[in-house]
Amino acid sequence: GGLDALYSFLTALDCPALESVLVTLPLEELPSLLERATGQVIGLEDRDEVMGTDLVIRGVRPDDRSETYLAVEISAGIGRHGVTRARDRARILQRLLSKPVLPVVAGEWITSDAEEQAIATQVWRVLNGRAKAPSGDGTGE
């Protein structure tokens, strides 16, 4: 299922994007993490949007050792709405954390228009355990 695909993705992620030492952040800790990062209370709209993220993962990029996050949307079937949610939530998290946040959609299948949108908007796809970089070359660059 979608979670199995996600965990397969995470175990293979040290190669293209992050080292394998990853920390899944409990969503209830996100508001306090964001408030510490920004030094202010997070607005209700941003808070609600971020709390809607299915999974937030912290890791380290192997190339420059920078702290990087993943904002993951999980669904059996991925459509354009899921891609948009992943991209928008990653942008909010990146703005609030001042750290790179990679948008990711994970599931069993993706519609062709969602696939095109994911490539165009730099969203990683994880389908049945296989990670696909936005650029298609495995680097995401």
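Values in this text are rule-based calculations from the coordinates and carry no lab data. This is a predicted model, so every value here is computed, not measured. Ideal geometry is used to build each Cβ from the backbone, glycine not excepted, and the neighbour counts take in all protein chains shown.
Give the relative contact order (percent, whole number) for segment 69-129; include only Cα pairs under 8 Å separated by 6+ residues.
Values: 110 pairs, mean separation 24.9, N = 61.
This gives 41 percent for segment 69-129.
For the listed peptides 106-118, 41-53, a ranking on the average number of other beta carbons within 10 Å per residue, highest first, reads 106-118, 41-53.
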